[in-house]
1. Hey, of (1) 71, 20, 15; (2) 43, 30, 19; (3) 37, 31, 27, which did the structure itself give for Cα extents along the principal axes in Å when calculated?
2. How far, in nm, would the chain grow between Arg89 and Arg7 when pulled straight, counting 0.36 nm per residue and subtracting the alpha carbon separation?
3. Can you pull the percent of the chain's accessible area that's carbon plus sulfur, 1.4 Å probe, other chains left in place?
4. Hey, if you put +1 on the Cβ of every Lys and Arg and -1 on every Asp and Glu Cβ in the chain, which of Ala85, Ala54, Thr13 ends up farthest toward the positive end of that dipole?
5. Determine the sum of side-chain charges near Ala64: Lys and Arg each +1, Asp and Glu each -1, restricted to other residues whose C-beta is under 12 angstrom from that of Ala64.
6. Contact order normalised by length for segment 26-97, with contacts defined as Cα pairs under 8 Å and 6 or more residues apart; what percent is it?
7. Ordered by packing density, taken as the mean number of other Cβ atoms within 10 Å over each peptide's residues, highest first, how do 60-69, 90-99 rank?
8. Dipole of the chain, Cα-centred, from +1 at each Lys and Arg C-beta and -1 at each Asp and Glu C-beta, to the nearest 20 debye?
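The values are calculated or read from the model by the stated rules, or taken from the named source; none is laboratory data. In this text, all values refer to a predicted model and were calculated from it rather than measured experimentally. Using ideal geometry, Cβ is built from the backbone for each residue, glycine included, and neighbour counts are taken over all protein chains shown. Each accessible area value is taken on the protein alone, full model and side chains, heavy atoms only, with ligands, DNA and RNA left out. Shrake-Rupley method; radii C 1.70, N 1.55, O 1.52, S 1.80 Å.
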Amino acid sequence: MPAPLARPHDPETSWDAADAQTTTRRQLVQAAIVTLINNHGPLSDERLVDLYEAHQFMHPSVPAATPQSIRTRRNELVVEGKVRAASARGRTRTGSSCQLWTLA
């Protein structure tokens with residue numbers, strides 16, 4: 001997968017963040033996401049972020065990632081056909097309807 005690019009209108013900080021996403025780092029985050037969905041899924045992005053942060057705390061070899069980065073890596077897995085939208089929908093902490101994700 002090519003290195004992620006920030007959009008032309010994004011601020012310099014977005015370009016810096018894109019440059020920091022190495023292939024190895026993206027793959028480690030994606031592997032953790034697949035493990036979490038496999039063990040706990042289907043998951044909302046909100047729950048995925050919570051579980052990822054706990055997983056990263058327990059496994060220091062898993063890189064720290066922002067919620068946005070976790071959602072981006074999950075979307076990359078959707079594009080690659082490894083993760084798909086679940087047939088059921090979930091609820092966020094505030095009660096809003098949300099998409100759940102499962103392994104393809």
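1. Matching the structure shown: (3).
2. Extra length from Arg89 to Arg7 when fully extended: 26.5 nm.
3. Carbon with sulfur: 55 percent of the solvent-accessible area.
4. Comparing the listed Cα positions along the dipole, Ala85 ranks first.
5. It works out to a net charge of 0.
6. 35 percent
7. Packing order, densest peptide first, comes out as 60-69, 90-99.
8. The calculation lands at about 460 debye.
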